[in-house]
1. Could you tell me which residue of segment 169-184 is modelled with the highest pLDDT, considering only residues that are among the charged types (D, E, K, R) and under 21 Å from ALA247 (Cβ atoms)?
2. For segment 564-591, what are the residues that are touching a His at 6+ places or on another chain (Cβ under 9 Å) and acidic (Asp, Glu)?
3. Considering only segment 305-315, how many residues are surrounded by fewer than 19 Cβ atoms within 10 Å (Cβ to Cβ) and under 9 Å from GLY353 (Cβ atoms)?
4. Taking LEU409 as the residue in question, decide whether it is under 30 Å from HIS469 (Cβ atoms), of a type in the set (A, V, I, L, M, F, W, C), in contact with a His (Cβ under 9 Å, 6 or more places away or on another chain) and not assigned by TED's automatic domain parsing to the domain that holds GLY280.
5. Looking only at segment 376-396, decide whether some residue is of a type in the set (D, E, K, R), buried (at least 20 other Cβ atoms within 10 Å of the Cβ) and touching an Asp or Glu at 6+ places or on another chain (Cβ under 8 Å).
6. Looking at segment 52-81 only, could you name the residues that are at pLDDT below 80 and not in a loop (DSSP other than H, G, I, E, B)?
Amino acid sequence: MIGIRTVRLGSTSEVPIESLNFQLGNGSDIMAENSRRQPIVAVLGHVDHGKTSVLDYIRSLGRDRQASVMAREAGGITQHIGATEVPAKLLNELCSPLMGGKEFLSPGLLFIDTPGHHSFSTLRTRGGSLADIAILVIDLMEGCQPQTLESIRILKNAKTPFVVCANKTDRIHGWHCIEGRSAAESMKDQDAHAQGLFEQKFWHLVGQFGEQGFNLDMYNKISDFTQNIALVPCSAKEGEGMQDLLAITIGLAEKFLEEQLSDIDGASEGTVLEMKEERGLGKTLDVILYRGQVSKGDEIVIATEQGSKVTKVRGLFRPRGMAEMRDAGDRWDSIETVEAAAGLKLAAPDLEGVLAGTTLRVLPDDEKLRQEAIDAADEESEISIELEEEGIVIKADTLGGLEALAFELRNLEPPIPIRNAGIGPVNKRDLRSAENATDPLHRVILAFSTTTQTETAEELERDDCEVVHIHSDIIYHILERFDVWSENRKLELEEEKREKIVYPGKIKILADHIFRRSGPAVVGVRILGGRLHVGQRLLTLDGAKVGQVKSIRIGDNSHKEAKQGDEVAVAIEGATVGRGIDEEDILLVDVPASHARRLRKLELTSTEQEVLDELTTLHRADDHFWGR
C-alpha cells in the first residue's frame, strides 16, 4: 500500500515534491503520451466530510465553470456516479511551483465521483476496482467516522492505493488560508497555537489509521511511499493545498501503477454509469471507458434485464473542457473515437433495459472472443444477490445501488435476509412478495433512489396495507428508518402478545358533572360511540393529550369498561378541568398503534371506524408509519 514513514511534524526535513521517492517524469521512465492512459481516481469519504467540495473545487479550475453539484444533490451527497477529466496541461500549470520544472507523464486525471464507499465496491472491472487510485476525504476536525473506516476496509480489500485528504483545515482556530498556496507553505506560516491544534488532530488520525493496520504521515516528510499512507492537509473551501493533493495523487499513480496505466491494449471495456434520454439523440449511455477504445460504427454488447443485447454505436460524445458529465448540458463534442481512460456519452439503438453498473464491451472480429464477450454480458445480467425463502424486498434504480443496499443489509448484526431484489420502480409484484412474508418484521420494501408505480403507491398508502414502504435517495436514511421501524415493530408485537385488544371511542363531558377538577380530575361522561377502557389515554379533537383513564364508576361499582350509551364517572390522571378540558367537551379515546393495526381486521361499528380514522390522521401527522 502506498504511503510514507512517520516523522515528527516539527522536523525540518520537508522535501520538495519533485524530490520525493516517486521522482516524477524522470529519465527513462518517460513514455510517449499515447502509450499510457490517464489514471482513474475515485473520491470517497464520510457524509459531509467534503468529498463533493473537493471535486467541485477541481472542476472549478477549468474555464467552463459550473454550479456546485453539492448544492443540488440529495442531502448534500452525490448519489449518482459522475466523471470529470482534468487535462495534463492544467495539472502541470497548477502544480508547477511544486514540480521543479518537471511535468507529469499522464494525459491527465479522470475523477469518478461515487455515491459512497458501497457503490465504489460494486464498480468492478475484470482486473479488480474500476479506480486506479483513490482520494479518501476526511474532515480533520472529526477524524475517521463509520463510513471512513468502511472505505478504508474496502480500499484495502480491493488493493487500491489511496491518499488521505485531511480537509477543512480552515476550521482550525487561528488557521489562515490563502487560495492556491501549497500545504507545506501553509504549515510554515501558521502560528504556534494553530500548529499545535493541527498536531492534535493529526496524531488522532495517525492512531485511528494505526488501528486499521496503516502507517499515516504528512506527505512532505517522505521516506518510503510503499509502506505508508500520505496525508495532505487541505481546505477545499478556501482552495489551499489542492495542488499538493493532485500532485501526490498523479505522482504515486505514475510511479507505482506504470504497468497498469500502460495496459491499454486488448478487449475494449467500460462501465455503464446510467442511461439517459437526450433531446435529438434518444436513449444514451454515460460510460467510463477503462480499457481500449470505442469508435462510431463499433458493435457493442451490453447487459440488460433480459440478458445480453448487441447493438451498434451511432454516436460518441465527450463533455467539453472541464464540464462534469452530469452538468455538461449542451457542451458535448461529437467525436469519432475515444481511448481509455475517458468519460463519454454513447448513442445507439436498443438501449432499453440496460443495467447501470455493468460492463459495456466492444465486440471483436474474432468469433470465439466475440462469443466470450456476449457470454460475459449474459452472466452480468443475472443479479448476483443471494436470495432466501424468507426475507424483505429491496429495489433500486441501478445494479450498483441494489448491490450497495444488499451489502449493507448483509453486514448488519444480525444480517437481514432478502426475499426479492430488483431494479426499477416498486410494483405490485414486489408488494405481493412482501405481503407473503411469514415474519411480520419482513413485510417491508426498501427502495433506494427509485420510484413507485401509481397503483402500487395507492395500495401502499391504504390503512389496511400490512407492508411498509421505506424509500430515500440516501442509502443511510433508508437503513436508519428501517432500524427504527424494526425496533418499534418488535415492541408492538410483544405488546400484542400480552395485551387484550382495546377499542377506540368518543366521549362527552356532561354539564354540571364535575366532581373534582384535578389530582385526578373526576367528571361525568357519556360514551357517544365505541368503548372506554381503564388505562386508555384521552385526546382532544385536535390531538392534544388530556390524560389517562384511572377508573370508571357507575354508582358505587367500579368497571373496567364502558360502552356506547353508558353514562359513567371517570377519573382522569393528568387532566385539569378548566385548563385543557371543560364541560361539554368531546374527547377521543386513544388506542395503541399495535392495536390500531389489529382493529382494521375486525368488524367495527360505524362510530368506532370513524374514531379510528380520526386517530390515524392525528397520529400520522407526527409518525407516518403509525398503525401500519
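The values are calculated or read from the model by the stated rules, or taken from the named source; none is laboratory data. Values in this document were obtained by computation on a predicted structure and should not be read as measured data. Cβ atoms come from the backbone with ideal geometry, glycine included; neighbour counts cover every protein chain shown.
1. Result: ASP170.
2. ASP566, GLU567, GLU583, ASP590
3. 2
4. No, not satisfied.
5. yes
6. If the condition is that a residue be at pLDDT below 80 and not in a loop (DSSP other than H, G, I, E, B), then THR52, ILE58, ARG59, SER60, ALA74, GLY75, GLY76 are the ones that fit.
The rows are residues; the columns are (1) outside any strand (DSSP E or B); (2) charged (D, E, K, R).
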{"site": "LYS188", "(1), (2)": "yes, yes"}
{"site": "HIS193", "(1), (2)": "yes, no"}
{"site": "LEU197", "(1), (2)": "yes, no"}
{"site": "ASP217", "(1), (2)": "no, yes"}
{"site": "ASP224", "(1), (2)": "yes, yes"}
{"site": "VAL232", "(1), (2)": "no, no"}
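For (1) within 20 Å of CYS144 (Cα to Cα); (2) within 27 Å of the chain's Cα centre (by Cα), each residue gets a yes or a no:
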| site | (1), (2) |
| --- | --- |
| ASN167 | yes, yes |
| GLU179 | no, no |
| MET187 | no, no |
| HIS193 | no, no |
| TRP203 | yes, no |
| ASN215 | yes, no |
| TYR219 | yes, no |
| SER223 | no, no |
| ASN228 | yes, no |
